[in-house]
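The values are calculated or read from the model by the stated rules, or taken from the named source; none is laboratory data. For clarity, every value in this text was computed on a predicted model and none was experimentally measured. All Cβ positions, even for glycine, are placed from backbone atoms using ideal geometry, and neighbour counts span all protein chains on display.
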Amino acid sequence: MLSYFMGCIDEYELWGLKLNVKKTKCMAIGDTSRDLQLEDRRGIISHINEYTYLWVRITKDGNHEPQINERINRGRAAITKQNSIFWDREVTLETKTRIYHAVVKSAITYAAETWCLKAKSVAKLNSTETDFWRRSARISRKDKIRNTIIKQEMNVTRSLLDDI
């Protein structure tokens, strides 16, 4: 990694640019954490364990679980805030579906293309999606109606996981 940084610094200097070592940080996924001592006393680049880029948290060990859980919680919060709309008989299925795609699904799937899904995360995503469709169908969990039947009644053709 040191040779990469030194190559970048040399290239920047050819263009008349200077790397601000105080603001520069590095992270290597799966690597041991250590600061980089640059050659020719140019400074030390600090090593970090996680950073956020475009609202996506990236960790040293490559774990996406905290980010996925945060996205699921945002989707659940969106569902909860719209609960009265989903239980309303006057709101059409088409409107509820549009709300789902515009608010709930977009809140959950932001940056999902970078996720490595585990079985636990898949179950949480399915549970959140089913919660939405169950509320939209005005069916309580106490009614003990299977999720597949609810999705058929709500004309769900693609699941949330299909889009991820």
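A few notes on this one:
Each row is one residue, and each column tells you yes or no for (1) surrounded by 11 or more Cβ atoms within 10 Å (Cβ to Cβ); (2) under 18 Å from Phe86 (Cα atoms); (3) modelled with pLDDT of 85 or more.
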| position | (1), (2), (3) |
| --- | --- |
| Leu125 | yes, no, yes |
| Lys142 | no, yes, yes |
| Ile145 | yes, yes, yes |
| Asp163 | yes, no, no |
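- Residue that is farthest from Asn73 (Cα to Cα), among those in the stretch 94-119 that are exposed (fewer than 11 other Cβ atoms within 10 Å of the Cβ) and of a type in the set (D, E, K, R): Glu94
- For the stretch 1-50, the candidate set comprises residues that are assigned to a helix (DSSP H, G or I) and surrounded by 12 or more Cβ atoms within 10 Å (Cβ to Cβ); within that set, the residue that is modelled with the highest pLDDT is Tyr12.
- Residues located in the stretch 78-103, provided they are touching a residue at least 12 places away in the same chain (Cβ under 8 Å) and either of a type in the set (Gly, Ala, Ser) or assigned to a loop (DSSP other than H, G, I, E, B) (or both): Ala78, Gln82, Arg89
- Qualifying position, being of a type in the set (Asp, Glu), farther than 16 Å from Leu93 by Cα and assigned to a helix (DSSP H, G or I), among Asp162, Asp131: Asp162
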